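Working notes, structure below.
The values are calculated or read from the model by the stated rules, or taken from the named source; none is laboratory data. Keep in mind that what you see is a predicted model, and the values were worked out from it rather than measured. Neighbour counts are summed over all protein chains in view; Cβ atoms, including those assigned to glycine, are modelled from backbone coordinates with ideal geometry.
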Amino acid sequence: MKITPTALPEVLILEPRVFEDSRGFFFEAFNRRTWASAGIDSEFVQDNQSYSKKNVLRGLHYQIRQPQGKLVRAMRGEIFDVAVDIRKSSPTFGKSIHVTLSADNRKMIWIPAGFAHGFLVLSDCAEVLYKTTDFYAPEHERTLLWNDPQLAISWPTTAEPVLSDKDRNGQTLGRAELFH
C-alpha cells in the first residue's frame, strides 16, 4: 500500500496495490498491520455506505463528542472528497484538503478524529464506503457550512449542489462548536 501524506499531515491518501488479470482485480482495502507500521493504529467499529446521485453534496460532518476517524473510498463512481481541520489548537486549523476518489483509481483517504468531512458526487452516481473508529451519535453530530467563505473550498461544480436540510443549515467555522 502506498501511503501519501497531505498538506494536513494527519490526513493520508492510501493507494492499495492492485492485482489485475483477465478475471478482474484484487486488492487489500484494509490491513491492520500495514496501517500500524505506518503509525496508524485505529480500531474500526462501524461501516457506513451511501448511494448518491450526481451533484449531491454530503457534509461537512463531524461529531464533537465520540469523534470519528474515517477511512473513505468510492466503491462506485467518483467523488470530490474534503477534510477540514477543526482543531483550534492545530497549526493547520481551518485548512482543508481534497482528493478525487473513484472506483477506477481505488484511492482511499484516512481522516482522523478532529476533522470535518464531506464529499460531492462528480459522476452520475456514487457509492461510498467509510469505516469509522467510533459509533454514530446523532446528538453529537455537527455540520460545517459547505460553502463557508472562510473555508474557501473550491467545489468542482457549476450546478447548485443537492443538499439535505442539515447540510444547507450548517454553521460557519466562526460559529461552530469545534475541537480545542
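Among residues belonging to segment 143-173 that are aliphatic (A, V, I, L, M) and more than 16 Å from S52 (Cα to Cα), point out the one that is surrounded by the most Cβ atoms within 10 Å (Cβ to Cβ). Checked segment 143-173; the qualifying residue surrounded by the most Cβ atoms within 10 Å (Cβ to Cβ) is L144. The residues of segment 143-158 that are in contact with a Gly (Cβ under 8 Å, 6 or more places away or on another chain) and among the aliphatic types (A, V, I, L, M), listed by number, are L144, L145, L151.
Consider I64 carefully, then state whether it is under 19 Å from A7 (Cβ atoms) and β-branched (V, I, T). Against the criterion (under 19 Å from A7 (Cβ atoms) and β-branched (V, I, T)), I64 does not qualify.
Number of residues in segment 132-177 that are under 21 Å from G69 (Cα atoms) and at pLDDT below 95: the value is 0. Within segment 1-29, the set of residues being in contact with a strand residue (DSSP E or B) (Cβ under 9 Å, 6 or more places away or on another chain), in a loop (DSSP other than H, G, I, E, B) and more than 17 Å from D81 (Cβ to Cβ) comprises M1, R17, V18, F27.
With the structure loaded, tell me whether K88 is under 13 Å from the mean Cα position of the chain (by Cα), at pLDDT 95 or above and under 25 Å from I40 (Cβ atoms) or whether it fails that test. Show your work before the answer.
Numbers: under 13 Å from the mean Cα position of the chain (by Cα): no; at pLDDT 95 or above: yes; under 25 Å from I40 (Cβ atoms): yes.
The answer is no for K88.
The C-beta contact set for segment 34-59 (first residue part of a helix (DSSP H, G or I), second residue surrounded by 13 or more Cβ atoms within 10 Å (Cβ to Cβ), distance under 6 angstrom, 6+ apart or interchain) comprises T34/M1. If the condition is being within 19 Å of T172 (Cβ to Cβ), among the hydrophobic types (A, V, I, L, M, F, W, C) and in contact with a His (Cβ under 6 Å, 6 or more places away or on another chain), then segment 83-131 contributes only A83.
Of D134, D85, D124, all but one fail to be among the charged types (D, E, K, R) and out of contact with any Lys or Arg (no Cβ under 6 Å at 6 or more places or on another chain); the exception is D134.
For residues that are among the aliphatic types (A, V, I, L, M) and loosely packed, with under 15 Cβ neighbours inside 10 Å, scanning just segment 11-46, find the one that is farthest from Y136 (Cα to Cα). Here the answer is V18.
Taking every residue in segment 12-23 that is among the basic types (K, R) and pairing it with any residue that is assigned to a strand (DSSP E or B), at least 6 positions away or on another chain, the pairs with Cβ-Cβ distances below 8 Å are R17/K2.
Every condition in (1) within 17 Å of the chain's Cα centre (by Cα); (2) surrounded by 15 or more Cβ atoms within 10 Å (Cβ to Cβ); (3) part of a loop (DSSP other than H, G, I, E, B) holds for A176 except the one numbered (1).
Answer with yes or no whether V99 is surrounded by 19 or more Cβ atoms within 10 Å (Cβ to Cβ) and either without any contact (Cβ under 8 Å) to a residue 60 or more places away in the chain or over 20 Å from Q46 (Cα atoms) (or both).
So V99 fits the description; yes.
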